Amino acid sequence: MNLRAAVLIPCLNEERAIRAIVEGALQYSPHVIVVDDGSSDGTVAALAGLPIELIRHERPGGKGNALRAGFRRALELDVDGVVTMDGDGQHFYGDIPRLLRVAAGLPNHIVVGARLIGREKQPKIRRVANDIADWGIAWAVGQRLVDSQSGQRWYPREVVRLAVDVAPQGFVFEADILIEAARRLGTRVAAVPIEVRYAGEFRRSHFKPLRDFCRITSHVFGRVVEVGSVVRTYRIARATPIDVIDPDGTRFRVPPEPAGAAGRA
């Protein structure tokens, strides 16, 4: 089954990386949607002449708002779902067909590009924060997760339709999509290993590890508590593994949970 995918790229001040990313994405989809979230640099000029859908916001409204705008446009297209990528260059467009191959075999799954290849290159504070976020978001979703903060994902059309009604709260938005899709649609999450890419030519991430991690953690804790049975949902999440599938045949081990997490409830 060949999936028809739109590629959605939200961006803010990405003049150095955006054109190469978009040109690469166009190799795999005729439907590339770029949402410029109020850039003040040459991001828009860098996209001149490319056959894309460009949505422009006058001022920055956050990643959640940018993604929702792109999702709305994607629902007007004849596609089976959406691949999202960040505009800063840390996601490789060559991984798009890898995500789609896995997604084609896993209907009703969100497929996350999990940064497992070269994971040791991640700054330690980011790696630890991501591991803790995986543990907490998994509790709310109801299955184990790996790299739940990755912005390179495949969303099936039904999840995209749901996502446009999820409240946009910056980086929390992507966690909420996982939670809402699991609870309302029974959607599971799978992972495709991708390479960790941190390089000097990329601008500093808009993600602020301490501030945004605290926001995500407090929000997800509330989502866990609202279900009611905290212990039962914890046990379900710990007992439900995530599929980590490399379409190229390499086997990957899911990273261990944070120290002591397996005994918490």
When (1) touching a His at 6+ places or on another chain (Cβ under 7 Å); (2) modelled with pLDDT of 95 or more are applied to Val164, the one that fails is (1)
Here, helices (runs of 4 or more DSSP H) confined to region 72-176 with at least 2 residues that are in contact with a helix residue (DSSP H, G or I) (Cβ under 9 Å, 6 or more places away or on another chain) are 124-141, 157-163
Restricting attention to region 34-80, the residues that are on the phi > 0 side of the Ramachandran plot and out of contact with any Gly (no Cβ under 8 Å at 6 or more places or on another chain) number exactly 1
Out of (1) among the small types (Gly, Ala, Ser); (2) closer than 20 Å to Glu174 by Cα; (3) part of a helix (DSSP H, G or I); (4) in contact with a helix residue (DSSP H, G or I) (Cβ under 9 Å, 6 or more places away or on another chain), the one Gly61 does not meet is (3)
Only one of Gly81, Gly87, Gly70 is farther than 14 Å from Val35 by Cβ and open to solvent by less than 10 Å² (accessible area, probe 1.4 Å), namely Gly81
_Test: Glu23 is at negative phi, open to solvent by 40 Å² or more (accessible area, probe 1.4 Å) and acidic (Asp, Glu)_ = yes
Any hit, region 30-42, residues being open to solvent by 20 Å² or more (accessible area, probe 1.4 Å), at pLDDT 95 or above and touching a helix residue (DSSP H, G or I) at 6+ places or on another chain (Cβ under 7 Å):
no
Taking region 103-125 and keeping only residues that are among the β-branched types (Val, Ile, Thr) and open to solvent by less than 10 Å² (accessible area, probe 1.4 Å), one is left with Ile110, Val111, Val112
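The values are calculated or read from the model by the stated rules, or taken from the named source; none is laboratory data. Model, not experiment: these values are computed from the prediction. Because the Cβ atoms are built from the backbone with ideal geometry, glycine has one as well, and the counts that use them run over all protein chains shown. Surface areas here come from the heavy atoms of the whole protein model, side chains and all, with no ligands, DNA or RNA. Shrake-Rupley method; radii C 1.70, N 1.55, O 1.52, S 1.80 Å.
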